[in-house]
Amino acid sequence: MIEKIVSLILSAVLFVSGQPIPTVPVLPSPTIPTQNGVSANGWLQVSGTQICNERSEPLVLHGMSTHGLQWYGQYAGPQAIQNTASFGANLFRVAMYTGENGYIAQPESMKAQAIAAIDAAIAQDMYVILDWHILSDGNPMTYADQAEAFFSDMAQRYKDTPNVLYEICNEPNGNVSWQNDVKPYAQRMIQAIRAHSRGLVLVGSPTWSQDIHLAAADPLEGENLLYTLHFYTGTHGQELRARIDDVLNKGLPVFVSEWGTSRADGSGGVFLQESAQWLDFLQERGISWANWSLCDKNETSAALKPGTPADRAWTTDDLSESGRFVFERF
Ligand code: DCB
């Protein structure tokens, strides 16, 4: 509203002065390093249930997740990432699907795209999650060999770069167990990553990364590990929040590496009241989050209006209802 008034006054002034009339204000760019960016905070570490910076001060990360790089790769490019940073995000999640014509089908091009996105986020002083986005391949063990080679390579590549967080399995689902599948998979990936990097490692759990209670009952050994909890505010509520508190009370750290303002299928709603309740809950606990997703797909969880170009600055006018709500919360 205030923006509308300001832009109206601006238009009137410029009209009188004979200058061209801008329709909507353009965002500041490029992003300058901020207090909550990597240059000010350095390597992250887990202390108790909290993420801390290099000086052991608590730090919370907020940002966007891409949609699948194989479909919406343009929104993982330098301009889109800069735009996201300009709205105040200090986190960017690069969702590299394994199935669905992703990494397993085209490893070289997917990897190149992921690297380009990570490097663009680094250039914006952001923390960046490299997400091995298992979904239709519900059991992470299915492509454990490929995952191990990939993470070993990437951890080596970014071993001196404090920006990168490693999310080893987006959402295990279907007939998969923590004890027999996800935990042994995680142990393997952690070993592969730790051979090179001390970066944070984010670990999923069965039922689309909702079963953190199963993980907490049989936790992983190691440093700088966090358990991911994913939710969609039109589907998930109090039950998952209670799970988070139980896990925190056990002293284990939680990271919301994906959540949406929609139903769990990415559509329906948007559920903004429920979303506000969720974000307040996370904020009270200092839990970091990334929102699904930065794309213009015709689904309510998408942050951009259909047709929004990826190669220019965005104004709030380019954001969907979900996008406006989420970007406001950065
Ligand atoms: C997760 C996935 C993510 C998925 C979103 C929304 O899946 F990590 O990949 O994104 O949540 O469902 C959706 C996109 C669609 C796309 C579809 C397939 O928004 O545009 O067509 O992926 O690639 C979840 C999360 C939770 C639950 C189920 C799914 N759940 N799921 O609780 O039932 O089945 O994808």
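We did not get these values from a lab; they are worked out from the coordinates using the rules stated. Remember, it's a predicted structure, so these values are computed and weren't measured experimentally. FYI the Cβ positions are ideal-geometry reconstructions off the backbone, even for glycines, and counts take in every protein chain you see.
Overview of results
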| quantity | calculated |
| --- | --- |
| The chain: most fluctuating residue of Trp43, Trp71, Trp292 per GNM, C-alpha cutoff 10 Å | Trp71 |
| Filtered chymotrypsin sites (Phe, Trp or Tyr not before Pro), segment 86-178: DSSP coil and at most 11 other beta carbons within 10 Å | none |
| FRET E, pair Arg157, Asp218, Förster distance 35 Å, beta-carbon r, rounded to 0.05 | 0.65 |
| Unit Cα scatterers, Debye sum, segment 285-330: log10 I(q)/I(0) for q = 0.13, 0.17, 0.32 Å⁻¹ | -0.28, -0.46, -1.25 |
| Relative packing of peptides 266-274, 49-57 - highest average C-beta neighbours within 10 Å first | 266-274, 49-57 |
| Sites Ala40 and Ala313 - FRET efficiency at Förster radius 25 Å, r taken between beta-carbons, to 0.05 | 0.55 |
| Calculated P(r) tail over 22 Å for segment 225-330, as whole % of Cα pairs | 32 |
| Three principal axis lengths of the chain [C-alpha, angstrom, descending] | 71, 41, 40 |
| For the chain, calculated [θ]222 nm from helices alone, where every DSSP H run of n ≥ 4 adds -39500 (n - 2.57) | -10500 deg cm²/dmol |
| Nonlocal amide H pairs with Thr300, under 5 Å, H built at 1.01 Å | Gly268 |
| Difference of contour (0.36 nm per residue) and Cα-Cα distance, Ala195 to Gln179 | 3.4 nm |
| At least 18 Å along the helix axis (C-alpha) and Kyte average at least 0.0, DSSP helices within the chain | 2-17, 107-123 |
